[in-house]
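Working notes for the structure below.
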Amino acid sequence: IGDKITTRDIAIMCSQFSIIMKANMPLGRAIEMISRQTANKRLKDILTAVAADVMAGHSLAQSFQDEAGDQLPETFYATLRAGEQSGNVDKSFGRMQGFFENANKLRAKVATALMSPMFTLIVAVVVVAILMIKVVPGFTASFQDLGADLPAMTKMLIAISTFFGKWWLLMLAIILMIVILVRGYALSPKGGIELARRQLSMPALGRMMTMTAASEFATTMSTMLASGLTIVQAVRVTGHAMTNRYAGEATGNMAKGLEEGRTLASCMQACDFYP
């Protein structure tokens with residue numbers, strides 16, 4: 001879990017490549033130097049293998065793709081290939097540094113925005129559970145000793161508390177089962193896209209997710225086009241890079257419309273989430 005390659009790790013690596021390649025150092029030696037300074041063990045192993053491939057005569061982009069596979073994003077490979085074709089690999093790494101730094105900042109902002117409501121919800125659930133299982137039963141015994149006729153609302157509260165106290169293990173098992181089922185549905189191709197679509201239409205969270213998708217689209221397209229990709233290639237790569245799977249698939253499908261001669265604006269208007 002700790003060895004997962006983050007956008008911050010990739011941004012630091014791209015910054016190192018950009019600086020070292022401007023010094024005209026041999027590529028294989030540069031990669032070995034960067035690998036020794038890399039803290040992430042998984043990325044370190046990838047760089048070590050890439051250095052060996054490059055010294056054997058392979059291209060840098062192909063070496064990264066062969067050794068890293070899906071551990072690095074498609075935007076990295078596409079930008080690097082475009083840089084190799086144009087002879088501006090150092091500039092490509094400079095662009096990727098800015099892109100991945102912005103992506104890291106954006107994800108941090110989204111995580112911070114979601115943290116407060118999630119924390120509040122968890123605290124609320126814990127407090128209600130403690131009240132129902134521990135506190136209310138104490139009052140119930142006192143009410144029974146009094147023998148008074150209780151209001152309907154109080155009776156309902158006592159009944160809920162009794163149910164919680166008796167069946168809390170069953171309820172916990174049901175909640176865990178629901179979480180597992182939803183997680184399994186989210187991992188399926190159709191289910192993941194459907195849940196992602198619903199995220200964009202949620203009352204409060206939906207607007208934030210929509211604006212996040214629009215921001216990801218703008219920054220990724222800007223980087224891809226500046227690297228020399230055609231607009232069709234840029235749209236396809238951008239679709240793969242977007243966090244929301246529904247937005248990513250819809251964005252990738254815009255390539256068909258562009259190939260048919262439609263404008264980018266009209267293709268975006270055909271999607272139901274771009275502002």
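The values are calculated or read from the model by the stated rules, or taken from the named source; none is laboratory data. Fair warning: this is a prediction, and the values are worked out from it, not measured in the lab. Every residue, glycine as well, gets a Cβ built from its backbone with ideal geometry; the counts of neighbours run over all protein chains shown. To get the accessible areas, we keep the full protein, side chains included, count just its heavy atoms, and leave off ligands, DNA and RNA. Shrake-Rupley method; radii C 1.70, N 1.55, O 1.52, S 1.80 Å.
Of all residues in segment 158-174, those satisfying the criterion of being at pLDDT below 90 and open to solvent by 80 Å² or more (accessible area, probe 1.4 Å) are THR162, PHE163, LYS166, TRP167, TRP168, LEU169, LEU170, LEU172.
If a residue has to be among the basic types (Lys, Arg) and either loosely packed, with under 13 Cβ neighbours inside 10 Å or free of Cβ contacts under 8 Å to residues at least 24 places away in the same chain (or both) to count, how many in segment 92-116 make the cut?
Looking only at that region, the number is 2.
Scanning segment 225-261 for residues being part of a loop (DSSP other than H, G, I, E, B), more than 25 Å from ALA111 (Cα to Cα) and open to solvent by 50 Å² or more (accessible area, probe 1.4 Å) gives a total of 4. When LEU187 is tested against (1) more than 15 Å from the chain's Cα centre (by Cα); (2) farther than 21 Å from LYS109 by Cβ, only condition (1) is not met. Being in contact with a Ser or Thr (Cβ under 8 Å, 6 or more places away or on another chain) and among the small types (Gly, Ala, Ser) is the filter here, so list the residues in segment 252-275 that pass it. GLY252, GLY257 - these are the residues of segment 252-275 that are in contact with a Ser or Thr (Cβ under 8 Å, 6 or more places away or on another chain) and among the small types (Gly, Ala, Ser).
Would you mind stating whether ALA265 is within 27 Å of ALA113 (Cα to Cα) and either part of a loop (DSSP other than H, G, I, E, B) or out of contact with any Gly (no Cβ under 9 Å at 6 or more places or on another chain) (or both)? No. Taken as a whole, the structure leaves PHE119 outside the set of residues that are part of a helix (DSSP H, G or I) and surrounded by 13 or more Cβ atoms within 10 Å (Cβ to Cβ).
Among residues of segment 45-65 being open to solvent by 70 Å² or more (accessible area, probe 1.4 Å) and part of a helix (DSSP H, G or I), the one that is farthest from MET13 (Cα to Cα) is MET55. Among the residues of segment 19-33, the one identified as touching a residue at least 60 places away in the same chain (Cβ under 8 Å) and of a type outside the set (A, V, I, L, M, F, W, C) is LYS22.
Selection of segment 127-145 for residues being at pLDDT 80 or above and over 17 Å from LYS166 (Cα atoms) yields only VAL127.
The sole residue among VAL54, VAL50 that is modelled with pLDDT of 90 or more and more than 30 Å from the chain's Cα centre (by Cα) is VAL54. Can you tell me which residue in segment 1-22 is modelled with the highest pLDDT, limited to those that are open to solvent by 70 Å² or more (accessible area, probe 1.4 Å) and in a loop (DSSP other than H, G, I, E, B)? Once the filter is applied, the top-ranked residue is LYS4.
Search segment 34-44 for residues being more than 22 Å from the chain's Cα centre (by Cα) and not hydrophobic (A, V, I, L, M, F, W, C), and hand back the single one that is most open to solvent (accessible area, probe 1.4 Å). Per the criteria, the residue is ARG36. Could you tell me whether ASP70 is open to solvent by 10 Å² or more (accessible area, probe 1.4 Å) and either under 22 Å from the mean Cα position of the chain (by Cα) or modelled with pLDDT of 90 or more (or both)? Considered against the rule, which asks whether it is open to solvent by 10 Å² or more (accessible area, probe 1.4 Å) and either under 22 Å from the mean Cα position of the chain (by Cα) or modelled with pLDDT of 90 or more (or both), ASP70 comes out as yes.
Answer with yes or no whether THR212 is surrounded by 15 or more Cβ atoms within 10 Å (Cβ to Cβ), outside any loop (DSSP other than H, G, I, E, B), among the β-branched types (Val, Ile, Thr) and in contact (Cβ under 8 Å) with a residue 40 or more places away in the chain. Considered against the rule, which asks whether it is surrounded by 15 or more Cβ atoms within 10 Å (Cβ to Cβ), outside any loop (DSSP other than H, G, I, E, B), among the β-branched types (Val, Ile, Thr) and in contact (Cβ under 8 Å) with a residue 40 or more places away in the chain, THR212 comes out as yes.
Restricting to segment 73-90, what's the tally of residues that are free of Cβ contacts under 8 Å to residues at least 60 places away in the same chain, assigned to a helix (DSSP H, G or I) and either surrounded by fewer than 21 Cβ atoms within 10 Å (Cβ to Cβ) or of a type in the set (Lys, Arg) (or both)? Qualifying residue count for the region: 3.
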